[in-house]
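Peer 1: One structure, as structure tokens, below. Some questions next.
FYI, it's all coordinate maths here, none of it is from the lab. No experiment lies behind these values; they were computed from the predicted model shown. No Cβ is skipped: glycine too gets one built from the backbone with ideal geometry, and neighbour counts run over all protein chains shown.
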């Protein structure tokens, strides 16, 4: 796993973007920090969740020997299979990071009132990516996770709305069907955030069903 290589590069890259370009932008949630976490290996590639004050995305990197030679064309969509389903990743290039692919989870980040909550959702999103679902997956997962957020039922949580990751972040992602909205997914109040797995899977991990 190349976490030791990419984690400091990602922190430096997005901290620099934040400092130089994003601090006064209306899409920024200043309660959120720059962090990469939930590192995994999958099919020889390195995967993590990237958290910034303006987006959360899955990021996938090729083997180290292909860092600058993977040949992925910027903007191309790659359908990648995981135990939970098939997801669309968008290819990109950066002169320091090399080739990578990304899949947007949240943008902007106004669903989160703390970095701790964003980090917890990031960890569960990565776990969910590798979770083998039941045949009626959305319905089953809607029953499983409400207790994680303290909800009595999946319908207690507000519906999720995600937006497109900011282009200035250097992360390309497929557009979402639903427009961003200030409504919170994970909380009826700021003290006890709540989110259902149904909302997480339908919006954060958008499965390509075509």
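Peer 1: Treat the count of other C-beta atoms within 10 Å as a stand-in for reagent exposure and order 90, 52 from fewest to most.
Peer 2: Going from sparsest to densest Cβ surroundings: 90, 52.
Peer 1: Measuring from label point to label point, each 7 Å out along Cα→Cβ, what is the residue 37 to residue 130 span in nm?
Peer 2: Each label point is offset 7 Å from its Cα along the Cβ direction, giving 1.6 nm.
Peer 1: Which order do 126, 22, 50 fall in if you start with the one that has the fewest other Cβ atoms within 10 Å? Can you show the working numbers first?
Peer 2: Working: 126 20, 22 17, 50 26.
So the residues, fewest neighbours to most, are 22, 126, 50.
Peer 1: Could you tell me the calculated FRET efficiency between residue 73 and residue 24, based on Cβ-Cβ distance and R0 = 30 angstrom, to the nearest 0.05? All intermediate terms of the calculation are to be shown ahead of the outcome.
Peer 2: Values: r = 33 Å, r/R0 = 1.10.
Result of the calculation: an efficiency of 0.35.
Peer 1: With a point put 7 Å past each Cα toward its Cβ, work out how far residue 9 is from residue 116 in nm, to one decimal.
Peer 2: The modelled label-to-label distance comes out at 3.3 nm.
Peer 1: Once a ≥ b ≥ c are taken as the square roots of the eigenvalues of the Cα gyration tensor of segment 33-108, is the result rounded (a/c under 1.5), prolate (a/b larger than b/c) or oblate (a/b not larger than b/c)? Before the final figure, lay out each step's value.
Peer 2: Details: a/c = 1.41, a/b = 1.19, b/c = 1.19.
In terms of gyration-tensor shape, rounded.
Peer 1: Of 67, 20, how do they rank once you tally other Cβ atoms within 10 Å and put the fewest first? Numbers along the way, then the final one.
Peer 2: Details: 67 17, 20 9.
Going from least to most buried by this count: 20, 67.
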